[in-house]
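Bear in mind these aren't lab numbers, they're just calculated from the coordinates by the rules spelled out. Quick caveat: nothing in here was measured; it's all calculated off a predicted structure. When we count neighbours, we look across all protein chains shown, and the Cβ atoms used for this are built from the backbone with ideal geometry, even at glycine.
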Amino acid sequence: MAKLSVNIDHIATLRQSRDTAYPDPVEAAILAQLGGADGITVHPREDRRHIQDRDVYLLKQVLRIPFTLEMALTPEMVKLALDVKPECCTLVPELREERTTESGLAVAGREAKLQPLIDPLLDAGIDVSIFIDAEADQITAAHSLGAQTVEIHTGPYSNAKTREAEDHEFQIVVNAAEHARGLGLKVNAGHGLHYTNTTRVAALPAIGWLHTGHSIIGMAVMVGMERAVREMKTLLNEAGRAA
Ligand code: PXP
C-alpha cells in the first residue's frame, strides 16, 4: 500500500507572508502525524521563502515518522542535510523565479557534476531520492548515480486538461515506474496530486510513497474554516459579555 508523506511547505508560506509565528509548520506536522501521515516532507528553498532552518531542525527532533528533505543539490543544502540527517533527501532542481518545482532534476549527462554532491549523502546513510521526469534515460541515470529511489514527477498527469490527456500521462507514469522498478529502484511519486486524481497512482504496485502537499493544505483550510470562525465568534461573544 502506498504511504503518504505530507508536504507542509504551504503552512510556512502563509506564516512568512506576514512574518508571524503562526501558523507553525511544526505544529501542522504533528497534527498531520496524528491524522495518520506516514511521513513529512519539507523543501527549504535556497531563498528560505517558506521553510526556515528552525523548522527543519525542530521537525527532525519531534517527528516520530520519516522525514524527507526536498532540496536543491547545492553544497549549502548538502551541508544542512548532513547536519539534520533526515531519513530521505529528495533532490530537485530549483529556480528562484518558479512558484513551485516545475520539472524533474536533469541528471542524464550531468553525472560527473552531480556525483560528488550525492556521495556524501549516501555515505551518511541517507536515502537519496531523485525527483525525475517520467523518462527512461533520466531514471537510468539516477540509478547509475547510486540513488536508491526516484520520485516520478506527476505534474504533467495532474495538469492534464482532458480525460484523454490524463490517461496518456498516467500511462507515461506507469511505464516510468515499471522501468525504475526493473532497475531495482524504489519508486515514489508526487506533484499536483489531489483528491480526485490520486487513487489510481496510489494503486500502482510499484509506488512506495506519495509526496503530497498543496491539495491537503487546501482541504485543511476548508474543513477547518467553520471551526476557526466559530472560535473567533466565541472570543467576540465573551468580550461582549465582559463589557
Ligand atoms: N514532490 C516534489 C519533488 C515537490 O517539489 C512537491 C512540491 O513541493 C511535491 C512533491 C508536492 O506537490 P504538491 O504540493 O503539488 O502536492
CD proxy, 222 nm, the chain: helix-only mean residue ellipticity via -39,500 (n - 2.57) per DSSP H run with n ≥ 4, per residue, nearest 500, stands at -15000 deg cm²/dmol
Once phi for every residue in region 141-147 is put through the Karplus expression 6.51 cos²θ - 1.76 cosθ + 1.60 (θ = phi - 60°), the whole-Hz ³J(HN,Hα) values, with Gly and Pro written as x, are 5, 4, 5, 5, 7, x, 4
Given unit charges at Cβ for Lys, Arg (+) and Asp, Glu (-), the dipole magnitude of the chain about its Cα centre in debye, nearest 20, is 760
Length-normalised contact order of the chain, Cα under 8 Å, at least 6 apart, in percent, tallies to 18
In degrees, nearest 10, the alpha-carbon axis of helix 163-182 is tilted away from the dominant principal axis of the alpha carbons of the chain by 60
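Once the Cα gyration tensor of the chain is found, what semi-axes does its equivalent ellipsoid get, as square roots of 5 times the eigenvalues, in whole Å, sorted largest first? Kindly include the intermediate steps, with their values, before the conclusion.
Values: eigenvalues 224, 97, 45 Å².
Taking √(5λ) for each Cα gyration eigenvalue gives 33, 22, 15 Å.
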Rounded to the nearest 10 degrees, the helix 111-123 long axis (Cα) sits at an angle to the longest Cα principal axis of the chain of 60
Taking 0.36 nm per residue of separation between LYS233 and ALA202 and subtracting their Cα-Cα distance, the length gained on full extension comes to 7.1 nm
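Once you charge only the Cβ atoms, +1 for Lys and Arg and -1 for Asp and Glu, what is the size of the charge dipole of region 1-108 about its Cα centre, to the nearest 20 debye? Could the numbers behind the result be given before it?
Numbers: 13 positive and 17 negative charges, 46 e Å.
That gives a dipole near 220 debye.
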Placing +1 on each Lys and Arg Cβ and -1 on each Asp and Glu Cβ in the chain, then taking the dipole about the Cα centre, the residue among ILE40, ALA189, THR234 whose Cα reaches farthest towards the positive end is THR234
Interchain or sequence-distant (5+) residues whose placed amide H lies within less than 5 Å of the amide H of THR41 are VAL6, ASN7, ILE8, THR68
Here the relative contact order (percent) of region 170-243, from C-alpha pairs under 8 Å and at least 6 apart, is 27
Between the modelled labels at ASP123 and TYR57 (7 Å from Cα along Cα→Cβ) the distance in nm is 2.4
Residue separation between ARG241 and VAL223 times 0.36 nm, minus their alpha-carbon distance, gives in nm 3.6 nm
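What size of dipole, in debye to the nearest 20, comes out for region 178-243 about its Cα centre when the only charges are +1 on Lys and Arg C-beta atoms and -1 on Asp and Glu C-beta atoms?
On the way: 7 positive and 4 negative charges, 11 e Å.
Rounded to the nearest 20 debye, it is 60 debye.
So what is the relative contact order of region 90-190, in percent, for Cα pairs below 8 Å that sit 6 or more residues apart?
Values: 151 pairs, mean separation 26.6, N = 101.
Across region 90-190, relative contact order equals 26 percent.
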Karplus-derived 3J(HN,Hα) from phi for region 88-94 (6.51 cos²θ - 1.76 cosθ + 1.60, θ = phi - 60°), whole Hz, x at Gly and Pro, runs 9, 10, 9, 8, 10, x, 9
The rounded separation in angstrom of the Cα centers of region 199-243 and region 39-96 is 24
Rounded to the nearest 10 degrees, the helix 25-34 long axis (Cα) sits at an angle to the longest Cα principal axis of the chain of 80
